[in-house]
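Notes for the one structure printed next.
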């Protein structure tokens, strides 16, 4: 393919349903990582949050689907050079990652210094927790705590700056959820080679089944040969190569979608509702299975739920566009904020929860006795949790539109040596 920086023509079909799905997946990840902090609902809240990994996997599937829709032409070739594609993907991800990394590191240092909540004094930039999925953490949680050496810290800073941090199988650092951005960037590196080949598959359902079976091999090996400790837990959780089948399945799902559409065999409204009901039942069963042992977590996390994640994306892709232009605009804005929600919610919750604790204690002391004010910090209140969710969504929308888009324009202007204005609007609408 000749080197070109021509802007790809975005296909006319717009997947408004996928925009809403992206937003809901991002919102669920926020809930997954924060709802457990409220003791009053801890007896049942884990039923809501136990399966948060479903959201990340579905997001990877969705990314493969949308990228294929946008960047492959009618002959299943990349619409532009791989270099141009990679630079655009980098310019989309890197501002989100660096912005969230800086915020997370600053908040972590501040939280450890102020020590408002129980356990805050242990938090620092060097504090990490080893990844295991066995009883060790339940019997002796402190045995998993680790303080990185200066050399370890420097290596992990470098890994974060180069988007390689998902390859660390031992522990998550600085801004734990950002491993998904590292994995996405690896997927993007494979896309120019992988997507055209998968798009030409004649029997996508068989190919999806094969990819799903391949995806199940690593967790089955770990279940049969290990005790669910280090480093196998971290490898299965976030290693980009291990998680690549989810992205590849998304590419194949678009191949299947395009084939069915060309045959005029799309789902009816009733079929879509039945599919959603089946997905909901599968999620409920999965939550029950998670309580039966560590092996089920590995199998469900890495492959058993992939058919239902594919079904969810497939159903959402067929949801029609609303007539309201306002709804379409909000779908694009909220969908565009989904990846910032993945990346920013941990530091945002750290700030919100500590401020709430101070305000529920004796905030009047802060003007005269700051240490006493912090010592008098109260408890968290569940009724304020919706406020946190609302503020998080609003912040991420503004972060995407006022920071990410501007930095992306700057990067593209210099990396591609041309004005990016003609495609920035399209890029902001979909996570490709």
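The values are calculated or read from the model by the stated rules, or taken from the named source; none is laboratory data. What you see is a predicted model; the values in this text were computed from it and never measured. Counting neighbours? That spans all protein chains shown, and the Cβs are built from the backbone with ideal geometry, glycine included.
The table below gives the values:
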quantity: Filter result for residue 92 (under 18 Å from the mean Cα position of the chain (by Cα), within 30 Å of residue 412 (Cβ to Cβ) and either outside any helix (DSSP H, G or I) or at pLDDT 90 or above (or both)); calculated: yes
quantity: Some residue of region 77-88 being in contact with a strand residue (DSSP E or B) (Cβ under 9 Å, 6 or more places away or on another chain), in a strand (DSSP E or B) and modelled with pLDDT under 95; calculated: yes
quantity: In region 355-368, residue surrounded by the most Cβ atoms within 10 Å (Cβ to Cβ) [restricted to those that are assigned to a helix (DSSP H, G or I) and free of Cβ contacts under 8 Å to residues at least 40 places away in the same chain]; calculated: 356
quantity: Filter result for residue 163 (touching a helix residue (DSSP H, G or I) at 6+ places or on another chain (Cβ under 6 Å) and closer than 24 Å to residue 226 by Cβ); calculated: no
quantity: Residues satisfying the stated conditions in region 259-285, i.e. under 13 Å from residue 205 (Cβ atoms) and either modelled with pLDDT of 95 or more or surrounded by 14 or more Cβ atoms within 10 Å (Cβ to Cβ) (or both); calculated: 259, 260
quantity: Residues within region 233-266 that are touching a helix residue (DSSP H, G or I) at 6+ places or on another chain (Cβ under 7 Å) and under 17 Å from residue 314 (Cα atoms), tallied; calculated: 15
quantity: Top-ranked residue in region 99-127 [being under 20 Å from the mean Cα position of the chain (by Cα) and touching a residue at least 24 places away in the same chain (Cβ under 8 Å); ranked as surrounded by the most Cβ atoms within 10 Å (Cβ to Cβ)]; calculated: 100
quantity: Within region 369-384, tally of residues that are more than 12 Å from residue 117 (Cβ to Cβ) and either surrounded by 17 or more Cβ atoms within 10 Å (Cβ to Cβ) or touching a residue at least 24 places away in the same chain (Cβ under 8 Å) (or both); calculated: 5
